[in-house]
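J.: Take a look at this one; I'll ask things after.
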Amino acid sequence: MTSTPARIVPAALAAGLLFAAVSAAAPAAADSAPAAECRTNCTTVFDTAGLHTISIPAGVVSLQATVSGAAGSPAAAALGLFPDAVGGAGGVSTVTLGTSLGGSALTVLVGGAGQGSALADAAGALLVVAGGGGDGGYAGRFELPDQLFAAYPGGAGGAPSAPGVAPGGDGTTFGTGAFNGAGGGLSGGAGGTGGASGDAGEAGASSAPGTITLSAGGAGGTLAVQDDRFQAGAGGGGYTGGGGGAVALDAVDGGDEIMIDVVGAGGGGSGFLADGLAAVAGEPNPGAASVTLVWSLPPLPAPEPVTPAAEPAGPRLAETGAEPLPFALGALLVVGAGAGLLAARRRRTA
């Protein structure tokens, strides 16, 4: 919940306010890639919205991807009184992809605000989708200036933990109510109903080699009251889109003869996991979308030991304790002296 003192806050609001939530946005990490010589836990992060391609090295012994949908936007009209208002969190799923994708190129889709993120293989088959969060809503008395009582996040994006579709959460304005958009499921989430109803989310995610197209969330309803226009929260995108919220006047009895006007929040987009894969749903993402891939290669073989060359048999000159050059010179002097003595003895004899 996000709330602040206002001029009128009926006691009956207390129960409804419990359903609103506060969450701080988290910045996404910068795009990064591993060093060329990396062998273990080599990590590549994509956090720029749009399509990307990555080549997975051949021979990987493990491959894992963490796919995070983006959070939805807070209700813009509520930010003046509730600067910490937020949209619905994006879904997060970490999937084990195995080794069969080594040596192939994968397609990565990083969603923009409120949109899902996804990963597909080289043949274009969709592997995993994490849904985007729905846009937020709020409640108050619209004909009175600054009479907003609380701001609410949209529904969270779906985060698959088993093969199939992971539904997105419903919008949370004033807890539950027909004015909130429904989360996407097997089909797009239903739009909220009221004075200005929201649109249903799309259903029709598709992928092909090098491209992924996810389903958009439904638009929120728009209603003019006097000179003001009130815009309900849009649904989040994903495998199927969440429904947009509705704007509903006098939708909730606040007690003390006060009826509460409601701007419904959008539902979250759904997630998806392909058959044969295992995944773990992570903590919902309050910030921008990202896709992180981590792989390992087998260790390099140990280098062959170097065998020193064999030495010739017999003692070396160094083992005599004399330096080679002085020893040779000494031997020559001895031989020369002996020859001189022999020559002198022969002369005497003659």
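The values are calculated or read from the model by the stated rules, or taken from the named source; none is laboratory data. Since the structure is predicted, the reported quantities are computational estimates derived from the model, not experimental observations. Reconstructed Cβ throughout: ideal geometry from the backbone, glycine too, with neighbour counts over all protein chains shown. Areas reflect the complete protein model, heavy atoms only, side chains present, ligands, DNA and RNA absent. Shrake-Rupley method; radii C 1.70, N 1.55, O 1.52, S 1.80 Å.
J.: Specify which of the listed residues (GLU311, GLU319) is open to solvent by 100 Å² or more (accessible area, probe 1.4 Å), of a type in the set (Asp, Glu) and at pLDDT below 55.
T.: Just a single option satisfies the conditions, and that option is GLU319.
J.: Now for a separate question. Given the condition under 27 Å from ASP135 (Cβ atoms), touching an Asp or Glu at 6+ places or on another chain (Cβ under 7 Å) and modelled with pLDDT under 95, answer yes or no: does some residue in segment 81-102 qualify?
T.: There is at least one residue in segment 81-102 that is under 27 Å from ASP135 (Cβ atoms), touching an Asp or Glu at 6+ places or on another chain (Cβ under 7 Å) and modelled with pLDDT under 95.
J.: In segment 220-244, how many are at pLDDT 95 or above and open to solvent by less than 50 Å² (accessible area, probe 1.4 Å)?
T.: Total meeting the criteria: 14.
J.: May I ask you to list the residues in segment 69-104 that are open to solvent by less than 10 Å² (accessible area, probe 1.4 Å) and hydroxyl-bearing (Ser, Thr, Tyr)?
T.: The answer is SER93, and nothing else.
J.: Hey, another quick one. Given the criterion of a type outside the set (Gly, Ala, Ser), within 30 Å of ALA278 (Cα to Cα) and touching a strand residue (DSSP E or B) at 6+ places or on another chain (Cβ under 9 Å), identify the matching residue among ASP146, ASP170, ASP121.
T.: Just a single option satisfies the conditions, and that option is ASP121.
J.: Can you tell me how many residues within segment 241-258 are touching a residue at least 40 places away in the same chain (Cβ under 8 Å) and either part of a loop (DSSP other than H, G, I, E, B) or out of contact with any strand residue (DSSP E or B) (no Cβ under 7 Å at 6 or more places or on another chain) (or both)?
T.: Qualifying residue count, segment 241-258: 10.
J.: Also, quick follow-up: Being of a type in the set (A, V, I, L, M, F, W, C), within 25 Å of SER117 (Cα to Cα) and surrounded by fewer than 24 Cβ atoms within 10 Å (Cβ to Cβ): is that true of LEU186 here?
T.: Yes; evaluated as a whole, the condition is true for this residue.
J.: Please determine, by comparing only the residues of segment 259-289 that are of a type in the set (Asp, Glu) and not in a strand (DSSP E or B), which one is surrounded by the most Cβ atoms within 10 Å (Cβ to Cβ).
T.: Among those residues, the one meeting the criterion is GLU283.
J.: Select from segment 68-94 the residues that are among the hydroxyl-bearing types (Ser, Thr, Tyr) and assigned to a strand (DSSP E or B) and list them in ascending order.
T.: The answer is SER68, SER93, THR94.
J.: Is segment 190-207 home to any residue that is of a type in the set (Asp, Glu), at pLDDT 95 or above, over 22 Å from the mean Cα position of the chain (by Cα) and closer than 22 Å to ALA289 by Cα?
T.: yes
J.: With respect to THR173, determine if the residue is at pLDDT 95 or above and out of contact with any Asp or Glu (no Cβ under 6 Å at 6 or more places or on another chain).
T.: So THR173 fails the test.
J.: Can you list the strands (runs of 3 or more DSSP E) found entirely within segment 105-167 that contain at least 1 residues being in contact with a Ser or Thr (Cβ under 7 Å, 6 or more places away or on another chain), modelled with pLDDT of 95 or more and open to solvent by 10 Å² or more (accessible area, probe 1.4 Å)?
T.: Qualifying strands (runs of 3 or more DSSP E): 105-110, 126-130, 164-166.
J.: Among what's in segment 55-67 and is open to solvent by less than 10 Å² (accessible area, probe 1.4 Å) and assigned to a strand (DSSP E or B), pick the residue that is nearest to GLY169 (Cα to Cα).
T.: VAL67
J.: Then there's this: Among the residues of segment 29-53, write down those that are out of contact with any Gly (no Cβ under 9 Å at 6 or more places or on another chain), small (Gly, Ala, Ser) and either at pLDDT 95 or above or outside any loop (DSSP other than H, G, I, E, B) (or both).
T.: SER32
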